[in-house]
Every structure is written in structure tokens, then in C-alpha cells.
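Okay, so here's the structure we're looking at.
The values are calculated or read from the model by the stated rules, or taken from the named source; none is laboratory data. For clarity, every value in this text was computed on a predicted model and none was experimentally measured. Every residue, glycine as well, gets a Cβ built from its backbone with ideal geometry; the counts of neighbours run over all protein chains shown. What goes into the accessible areas is simple: the full protein's heavy atoms, side chains included, and nothing from ligands, DNA or RNA. Shrake-Rupley method; radii C 1.70, N 1.55, O 1.52, S 1.80 Å.
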Amino acid sequence: MRSRFPAINTRVLTAVLVVSIPVLLIGAAIVLSIGQSRLHDNAAARLAQNAEYTAATVDAYVFRRILDAAVLGRVPDVRQAADAGNKTPYSQAAVLEMDRKWQTDGHGTAEESGLLRSAASRFLADIVGHDSIYREILVTDRHGRLVAASNVTSDYYQGDEDWWRESLDGGRGRVVVSDVRRDQSAGVYAFDISVPVPAPSGEDLAGVMKIVADSREMLVGIAGLELGTSGEAMLVRPDGSIVFSRRAYDPKTRFFAAELLRQHLEERQQLKQEPGPLTFTAAGVEEGSTRLVAVAPGQLARSYPNLTWLVALSVERDEITAPFRSLVWYLVIVFALTAIAVLGIALWLSLRLAAPGFDPAVDMHLVEHAPHLDDAAHSR
């Protein structure tokens with residue numbers, strides 16, 4: 001006699017599957033969503049920490065160079081050179097003539113004047129020669145006339161320069177730090193530090209000293225950041241213009257998330273929030289790519305309002321979620337095994353309920369218990 005496949009209780013099978021499968025799917029979706037969200041948050045926090053640390057290193061470097069410049073401005077040879085220049089009567093015509101000759105033939109005019117052979121100029125030349133960070137150092141008197149320099153400069157008269165007037169500060173003298181720019185005299189991308197030079201006999205202003213510092217040394221912390229294969233590190237301004245990037249760039253190129261950055265900064269300003277790191281996602285340069293961005297301001301702007309530099313770090317979101325995506329396959333396997341187990345239990349239960357002669361009272365140990373004494377008394 002051929003055995004017949006036992007009947008299946010389709011109602012029980014359907015009920016179990018309808019209840020268990022959606023719960024399993026919803027649970028898996030929730031686990032995936034929470035896991036991806038936490039991974040994104042952790043990556044954003046780490047990126048923000050790196051941005052803050054890098055901004056702090058840039059601040060520390062600039063402040064250290066400012067201190068070094070202030071010390072150089074108080075060297076006796078430098079102070080004496082500035083003071084000696086002030087003893088020569090100022091003549092506008094003579095200054096303009098000297099400046100014209102200097103711009104026409106700087107080396108010949110410098111040699112003829114003997115300016116580069118002074119003790120102060122030799123000292124400054126030694127500083128530049130032994131420290132590649134310093135690209136050029138020059139000293140002027142109170143009138144803006146060049147009195148000492150590490151090398152031949154692009155012009156003689158400095159009194160018509162903005163940095164000189166700002167550092168002179170009406171005779172009071174103050175430290176001025178410029179933004180990063182291309183210096184024509186030194187031929188590098190650099191920033192300037194201008195400090196007052198006191199007179200040898202006291203603290204009266206004798207002149208101004210300017211140091212042209214190579215910006216590459218300042219930005220070594222950004223250039224050395226390890227951010228994965230798609231990581232980018234930049235020093236940018238609030239308007240989106242780029243101060244420095246690890247990759248070659250056109251000076252006119254703007255930060256790829258410049259508009260979002262501006263919006264976040266304006267929102268923070270409107271809410272009067274304290275400066276701090278920002279994290280957001282933005283469309284990358286490549287079509288269809290999305291990048292996680294962290295931006296951190298430095299502390300330089302508190303002392304020098306023109307230095308509103310921001311360290312901007314970014315990484316592809318796909319690179320962040322790559323480890324998580326590899327784990328998704330394991331979760332799919334677990335889901336498949338669980339679904340098979342649920343299907344097996346549902347089939348067993350439906351077959352059990354559909355079996356001939358199945359008595360729920362006996363097979364499922366369903367017995368009728370005698371009423372409790374208290375219930376019996378109460379029923380009377």
C-alpha cells in the first residue's frame with residue numbers, strides 16, 4: 001500500500017508564517033538601521049576629533065612662530081639698525097628715487113648702498129640660511145625705509161604696504177599675521193608675521209620687522225593625516241576658498257561643500273552658539289558620491305580676526321560603511337537560517353494538528369481541573 005503524504009493544516013502554517021516572518025524582517029531592518037547609524041555617528045565623532053586636533057596643531061605652530069618673531073625683533077643688532085635708520089632725515093623724493101632704483105636693479109642698488117653687509121642683515125641672512133621655514137626677513141625704520149634684510153627684496157620702500165601700516169599702528173606697534181598667499185619676493189606660498197622693533201634704549205617703537213614663513217611647515221599636520229583611501233584634508237576659509245590642500249589645486253578652486261559650510265556657519269551664528277566642530281554629509285566631486293565632512297575652527301581668529309581658517313576633513317561614506325556591508329551578508333545568512341527554522345516549526349505544527357486521530361486534550365496534555373474550593377463556595 002503506497003504511503004500518503006500527511007495533510008497540512010494550511011491555516012496554522014499561514015498564521016505562523018504571517019506572524020513570524022514580518023517580525024523577523026522588521027527586527028532585521030531595525031538592527032541594520034541602528035548599526036549603520038551608530039557606525040556613521042562614531043565615524044563622524046572620530047573625524048571631528050581629528051579636525052579639532054589638527055586645528056590645534058596649526059594654532060600652536062603659528063603662535064610659536066609669532067613668539068620667535070617677537071624674540072628676533074628684540075635682537076640688539078636689529079634694534080640698532082632700525083634706530084640708526086631713524087637718524088637719517090626722511091625725504092619723500094629720496095625714498096621714491098631709491099625705491100625706483102631698487103625695483104630696477106635690486107642687487108646692484110643693494111650692493112651699492114651696502115645695506116646687505118650690515119651686522120643686522122648678516123644676522124638675518126644666517127637665520128634664513130639655517131632655517132628653511134624662514135624665507136625672508138626684513139627690517140624697516142619708523143618711516144618704512146628698508147634698513148636690513150636677509151636678501152634682496154622686491155622693493156625698498158615698505159611704508160605703502162598694508163602690513164607695515166597695520167604693524168606700525170600709529171606708532172604704538174602691534175603684531176600682525178597675514179593670510180597665506182604667494183609672496184613675490186620669496187617666491188613661495190607663505191604667511192607674513194610683522195612685529196614691532198623697539199629702540200635700543202627702551203620700548204619706544206624704532207621700526208617694524210617682517211618675516212615671511214613658508215606655509216608648508218605649518219601645514220605638515222594636515223598633509224600627514226591618515227584618513228583612509230578616500231580621505232581628504234584641507235585648510236579652508238568660511239567663504240569656501242582653499243588655503244591648503246594635500247592634493248594639487250587651482251587657487252580659484254573652492255571647497256566642494258562650500259555652500260553647506262556657509263549655511264551651517266550662518267545658522268550657528270544666528271543661534272549664537274560657541275565655535276566648535278561641525279559634521280555633515282555633502283555630495284562629493286565625483287558624480288553620485290557622498291562624503292562625510294567634519295570642520296573645526298582654530299583659535300587664531302580670537303587674536304587675529306583675519307585668520308578665520310577652518311580644518312576640513314572628509315571621507316567617502318561608502319568607505320565608512322564598507323565593514324558594515326560585509327557584516328550584512330552574515331546577517332542575511334542568519335536571517336535565512338532563522339526563516340528555515342521558523343518554516344520547519346510551522347510545518348511540524350501544521351502536520352501535527354492535521355494528523356488523523358489527533359486529540360488536543362490528550363496529545364497536548366489538556367486536562368480539566370476540579371474547581372477550587374473557594375470558587376465552589378462562592379458559587380453557592
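Remarks
- Ranking Gly224, Ala257, Val176 by Cα position along the charge dipole of segment 144-258, where only Lys, Arg, Asp and Glu carry charges on their C-beta atoms, puts Ala257 farthest toward the positive end.
- Rounded accessible area per residue of segment 66-113, 1.4 Å, Å²: 60 Å²
- Cα gyration tensor, segment 44-95 - rounded (a/c under 1.5), prolate or oblate: oblate
- Prolate/oblate/rounded call for segment 152-232, Cα gyration tensor, a/c under 1.5 rounded: prolate
- Three-way shape call for segment 87-205 based on the alpha-carbon gyration tensor, with the a/c threshold at 1.5: rounded
- The residues of segment 215-287 expose, per residue, 62 Å² of accessible area to a 1.4 Å probe.
- Between Asp41 and Glu266, the distance separating the two model label sites (each 7 Å from Cα on the Cα→Cβ line) works out to 3.0 nm.
- Summary value for segment 31-164: 23 percent relative contact order, contacts being C-alpha pairs under 8 angstrom separated by 6+ residues.
- Loop-resident sites, segment 87-129, for chymotrypsin sites (Phe, Trp or Tyr not before Pro), counting at most 15 other Cβ within 10 Å (DSSP): Tyr90
- Label zone at Ala223, where the point sits 7 Å out along the Cα-to-Cβ direction: segment 229-269 residues whose backbone N lies under 16 Å: 233-235, 243-249
- C-alpha center-to-center spacing [segment 305-336, segment 264-290] in angstrom: 17 Å
- Protein-only accessible surface order, largest first, of Lys101, Lys272 at 1.4 Å: Lys272, Lys101
- Among 338-344, 38-44, 192-198, the order from most to least packed when residues are scored by Cβ within 10 Å on average: 192-198, 38-44, 338-344
- Extension gain for Ile21 to Lys252 (0.36 nm times residue separation, less C-alpha to C-alpha distance): 77.5 nm.
- Segment 41-138, accessible surface, carbon-and-sulfur percent (1.4 angstrom probe): 54 percent
- Peptides 57-64, 168-175, ordered by how many other C-beta atoms sit within 10 Å of their residues on average, highest first, read 57-64, 168-175.
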